[in-house]
Amino acid sequence: MDLKTKLLLSQMKDNDYFRNLNSYLTEMVKEEKLTYDNLKYLYNKLYKNKSLFIKQNIFPVGQFLIKGYSIQEAEKVAELLPDANGLTIFCYDKKEKGDVYNKLFRDLEFVYMKYDYYKNIYGNETKAYELLKKELEKTTIKQREKEVQKQGMEDEEEM
């Protein structure tokens with residue numbers, strides 16, 4: 001690991017909503033799953049001067065990037081979701097209204113999970129995006145949250 005990566009990692013501290021943030025990111029970099037550019041992006045867009053509410057979204061965005069998706073795809077997919085303003089009072093900072101990652105954690109997990117699913121089936125970014133858009137129109141936030149939780153339990157059972 002080079003010096004600039006180590007310095008960047010040292011800036012990203014654990015917090016109340018992501019207690020193992022630094023060790024998670026360090027491990028992903030060591031395993032060459034996250035590039036320096038991805039790490040720098042996570043730092044600038046989701047960490048530096050951001051509230052804890054947005055910092056917690058480093059995990060779903062990071063997982064999406066680890067799968068090999070681009071930063072542009074991550075943003076395009078995230079922008080399909082409604083802004084967290086008015087949807088939660090949890091650690092909400094008004095200055096972040098409209099921020100690309102001012103989204104509910106489970107909603108971000110849902111869109112990334114579904115986009116990955118559709119893209120793997122159809123092998124086409126445009127088709128995956130359109131199907132995801134339709135899925136978001138017909139589901140509620142609660143339904144999406146339940147599906148993510150269900151998928152998490154299935155993943156645990158497989159281990």
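Of all residues in segment 26-62, which are outside any helix (DSSP H, G or I) and at negative phi? I'd like the intermediate steps shown before the answer.
Quick first cut of segment 26-62, residues outside any helix (DSSP H, G or I) only: 31-35, 48-51, 56-57.
Scanning segment 26-62 gives Glu31, Lys33, Leu34, Thr35, Lys48, Lys50, Ser51, Gln56, Asn57.
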- Message: Considering only residues that are loosely packed, with under 10 Cβ neighbours inside 10 Å and either among the small types (Gly, Ala, Ser) or more than 17 Å from Pro82 (Cα to Cα) (or both), which ones fall in segment 126-152?
- Response: Thr126
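Values in this text are rule-based calculations from the coordinates and carry no lab data. Note that the structure is a prediction, hence the values are computed from the model and not measured. Cβ sites come from the backbone with ideal geometry, for glycine too, and all protein chains shown count toward neighbours.
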